[in-house]
Structure formats: C-alpha cells, structure tokens
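Right, one structure below, let's go through it.
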Amino acid sequence: MLHYHTIPVTAFQQNCSLVWCDQQMEAAVIDPGGDLDRIEAEIARLGLQLKAIWLTHAHIDHAGGAGELAEQRGLPIIGPHPGDQFWIDGLPQQSQMFGFPPAQSFVPTRWLQDGDTVSIGQETLQVRHCPGHTPGHVVFHAPQIARCFVGDVLFAGSIGRTDFPQGNHQQLIDSITQRLWPMGDATVFIPGHGPESSFGRERQSNPYVGGT
C-alpha cells in the first residue's frame, strides 16, 4: 500500500511529502525545497529507503534542495515538465532573491509529460501536466489511495499565483477543471502550502473555481 507523510519546509512552509510503498519501504520525496536535515531525519525515523526525487515544478521553495540532495544521495531527479527548465536554470538567482540558502541548478534525470507514470516500490502514480502557475508544472495522482500531490496548482480556498514569468491564469483554471476535477470529488489533494482538502469541496466552495 502507498503511504505519505508531509513535512513543511523553508520559510515558505512548503509541503514536502515523502511517499512510500510499505512492502519494500522504498520512498520518493516530492518537492524537497530545503531544510534537508529535517527531511533526512523523517526518512530515518520512518525507516525508509529513499530512491528518487519527484518535482511538481521548479520554484525555489519546491526545488531548492533537489540538486544538493541528488548529489549527496546519488538520486535521480524526476520531473517536472520541460517547460520549467528556465526556472531550474534560475534557481541560484531565486535563492538570492528570496533569501534562501544557495541552490544548485540541475538537469532532471527524467522530464515528465502528461500521461506519464512514476513508480516507487510496487506502487505507481499517474502524472498530469497542469500548467498555469508555471509552464512545466505537473501533479502526481495516486488513485489507489484517492490522493493527489498538486504542488501550487490548487489550495484549500485558493489557487496558484499566475503573476510569475510565464504564468497564465486561464491555463491554470483549465488545468484545474480539465485535469484535476476528473480525478473525482472524493480525491483528497496535498497542496504545496496549507491544509489538505478535496476536489469536491473546492468545486463547491473555492472562490476561484467553485461551481466549475
């Protein structure tokens, strides 16, 4: 069975998630934006074997620790979509701009496209490309536990910002309504910041996409 544990990291309180298969205790870390010592402590506490880094997108609070962690551990970086290469290239500048520890740029081991899958242990998650917040943003859907790791596409009561370079508001709305909603109202999502919610709840009450 697939399990997950969320660890808020960085001054932005970004929801970094560990996901693992309980049969082999192999894990991936989604969006290690920083505070690697804290992430490593949770990996050790849970008895996990970290096998991969998965990225939803390449903003500093989500990807800032990815290059260093990959180098330290010899791990593959999987994702995001190639549309975010310019954000990855700019990670050193992003870290200076937002007062983060120095961040490394990198080339992902594997880019992700809409419809791809990623696996950890005996568990497989589905990848959907959901641009709008960034052009290369992806989400990781785990239908076997009715969960979706959505990065900064959707939040409880809000949606991702679109005022960054190559953000697009209409594209973001389309990603939510055409890519997320079909996953089902009962699906609980883990956002990049703040508490979990369900797609059904947001379809009803979110001021930006309610009633869609």
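Solvent exposure of the chain amounts to 41 Å² per residue of accessible area, where only protein heavy atoms count and the probe is 1.4 Å.
For the stretch 1-120, the Kirkwood hydrodynamic radius from C-alpha pairs, put into Stokes-Einstein at 4 °C and a viscosity of 1.567 mPa s, yields a diffusion coefficient of 91 µm² per second.
At a 1.4 Å probe radius, carbon and sulfur cover how many percent of the accessible area of the stretch 117-202? Answer for the stretch 117-202: carbon and sulfur cover 46 percent of the accessible area. Residue by residue, the stretch 56-73 carries 3J(HN,Hα) couplings of 7, 6, 10, 6, 4, 6, 9, 10, x, x, 5, x, 5, 5, 4, 5, 4, 9 Hz when phi is fed to the Karplus relation 6.51 cos²θ - 1.76 cosθ + 1.60 (θ = phi - 60°); x denotes Gly or Pro. In this rough spin-label picture, where each label sits 7 Å from Cα along the Cβ direction, the Thr162-Gln178 distance is 1.3 nm. A Stokes-Einstein calculation at 20 °C with viscosity 1.002 mPa s, built on the Kirkwood radius of the stretch 126-166 over Cα pairs, returns a diffusion coefficient of 197 µm²/s.
Taking the accessible area of the stretch 1-62, probe 1.4 Å, and keeping the other protein chains in place, the carbon and sulfur fraction comes to 50%. Compared with the rule-of-thumb size 2.2 N^0.38 Å for a compact globular protein, the stretch 64-137 has a Cα radius of gyration ratio of 1.18. What separates the Cα centres of the stretch 9-71 and the stretch 191-212 is a distance of 25 Å.
Working value for the chain: equivalent-ellipsoid semi-axes of 24, 21, 15 Å, each the square root of 5 times a Cα gyration tensor eigenvalue, largest first.
The values are calculated or read from the model by the stated rules, or taken from the named source; none is laboratory data. These numbers come from a predicted model, not from an experiment. All Cβ positions, even for glycine, are placed from backbone atoms using ideal geometry, and neighbour counts span all protein chains on display. All accessible areas refer to the heavy atoms of the entire protein, side chains included, with ligands and DNA or RNA removed. Shrake-Rupley method; radii C 1.70, N 1.55, O 1.52, S 1.80 Å.
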